[in-house]
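Novice: Quick one: the structure is below, questions incoming.
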Amino acid sequence: MSEKYKAKEPDRIYFITTTVIQWADVFTRREYCEIICDSITYCQQQKNLTVYAWCIMTNHVHLICSSPNLAYIIRDFKKYTAKEIYRSIQQNPQESRKGWLLWLINSAGELSSKHEEYKFWQPGYHPVLLDSKALMEQKLDYLHRNPVTAGFVEEPEHWYYSSARDYAGDNGRLPIVLLQ
């Protein structure tokens, strides 16, 4: 694995992105987004993850976060959410894309170097160390404006699955620590 994409300074703040295989738009359904939110909350409460900002898009998740064990937390987060979302897709009678999504996820697993049963997330989480106030502000703005840029909402705080509401002065879906 490339040294470029590793969180080498454990107690620092990172911007991370984790992406669904083939950029598949899975997070268009509330129940899949809630699995992500519940898992982030668990990591905050049980694994010492501090979340400063977050956004769930249709096919990827952004976090600005820190933890002494960031790589292990993200590994466990991805493993757990992959299993839960896969199971949820299988059991969802309303999922019109069930056959295609399961084929995509299963095919990615078969093609992986480990020949897994399924694979939901692309490898890695692409941590970017936020080592300056300017970079922190740029990534925070990028993360919150992502749904606006995609044309989903007019204002960042209108996107439910994001910390933009917190930064606008309201309570959002997840507890966060505001960046100063």
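The values are calculated or read from the model by the stated rules, or taken from the named source; none is laboratory data. What you are looking at is a predicted structure, and each value in this text was computed from that prediction instead of being measured. Using ideal geometry, Cβ is built from the backbone for each residue, glycine included, and neighbour counts are taken over all protein chains shown. For accessibility, only protein heavy atoms count, side chains too; no ligands or nucleic acids. Shrake-Rupley method; radii C 1.70, N 1.55, O 1.52, S 1.80 Å.
Novice: So what are the ³J(HN,Hα) numbers for the range 68-80, from phi and the Karplus equation (6.51, -1.76, 1.60; θ = phi - 60°), rounded to whole Hz, Gly and Pro as x?
Specialist: Taking θ as phi minus 60°, the curve returns x, 10, 4, 4, 6, 5, 5, 4, 5, 4, 5, 5, 5 Hz for the range 68-80.
Novice: Identify, among ALA164, TYR80, LEU135, the residue whose Cα sits farthest towards the positive end of the charge dipole of the chain, taking +1 on the Cβ of Lys and Arg and -1 on the Cβ of Asp and Glu, with the dipole about the Cα centre.
Specialist: My answer, from the dipole projection, is TYR80.
Novice: Further, regarding this structure: Output the peptides 107-113, 145-151, 155-161 sorted from most to least packed, where packing is the average of other Cβ atoms within 10 Å over each peptide's residues.
Specialist: Ranking, from highest mean packing down: 155-161, 145-151, 107-113.
Novice: Beyond a 29 Å Cα-Cα separation, which of these cross-linked pairs lie in this structure: LYS98/LYS139; LYS114/LYS139; LYS8/LYS79; LYS47/LYS114; LYS8/LYS78; LYS8/LYS119?
Specialist: Correct reply: LYS98/LYS139; LYS114/LYS139.
Novice: Name the residues whose placed amide hydrogens come within less than 5 Å of the amide hydrogen of TRP121, ignoring near sequence neighbours (fewer than 5 apart) on the same chain.
Specialist: Answer set, sorted by chain and number: ILE21.
Novice: In terms of the Cα gyration tensor, with a ≥ b ≥ c the square roots of its eigenvalues, is the range 1-71 rounded because a/c is under 1.5, prolate because a/b exceeds b/c, or oblate?
Specialist: oblate
Novice: OK, next. Sort out for me the Cα centre separation of the range 65-91 from the range 146-172, rounded to whole Å.
Specialist: What the calculation gives is 23 Å, centre to centre.
Novice: Still on this model: Taking R0 as 35 Å, what's the FRET efficiency between LEU135 and LYS83 from their Cβ-Cβ distance, rounded to 0.05?
Specialist: 0.55
Novice: Also, quick follow-up: Want the number for ASN59 to GLU155: 0.36 nm per residue separation, take away the alpha-carbon distance, what's left?
Specialist: Answer, rounded to one decimal: 32.6 nm.
Novice: With a 10 Å cut-off between alpha carbons and a GNM built on the chain, which of VAL51, VAL153, VAL26 moves the most?
Specialist: Most flexible of the set in this elastic network: VAL153.
Novice: When the C-alpha atoms of the chain are aligned to their principal axes, what extent does each axis show, in angstrom, from largest down?
Specialist: Between the extreme Cα coordinates on each principal axis of the chain lie 45, 38, 29 Å.
Novice: Right, another one. Of the heavy-atom accessible surface of the range 60-100 (probe 1.4 angstrom), what whole percent is carbon and sulfur?
Specialist: With neighbouring chains kept in place, the figure for the range 60-100 is 53 percent.
Novice: From the backbone phi of the range 140-155, what are the Karplus-calculated ³J(HN,Hα) couplings (6.51 cos²θ - 1.76 cosθ + 1.60, θ = phi - 60°) in whole Hz, Gly and Pro given as x?
Specialist: Each residue's phi maps through the Karplus curve to give 5, 5, 4, 4, 6, 8, 3, x, 6, 4, 6, x, 7, 9, 7, 10 Hz.
Novice: Something else about it: Take the chain, connect every pair of alpha-carbon atoms lying under 10 Å apart with a spring to form a Gaussian network, then pick out the residue of PHE27, PHE77, PHE152 with the largest mean-square fluctuation.
Specialist: PHE152
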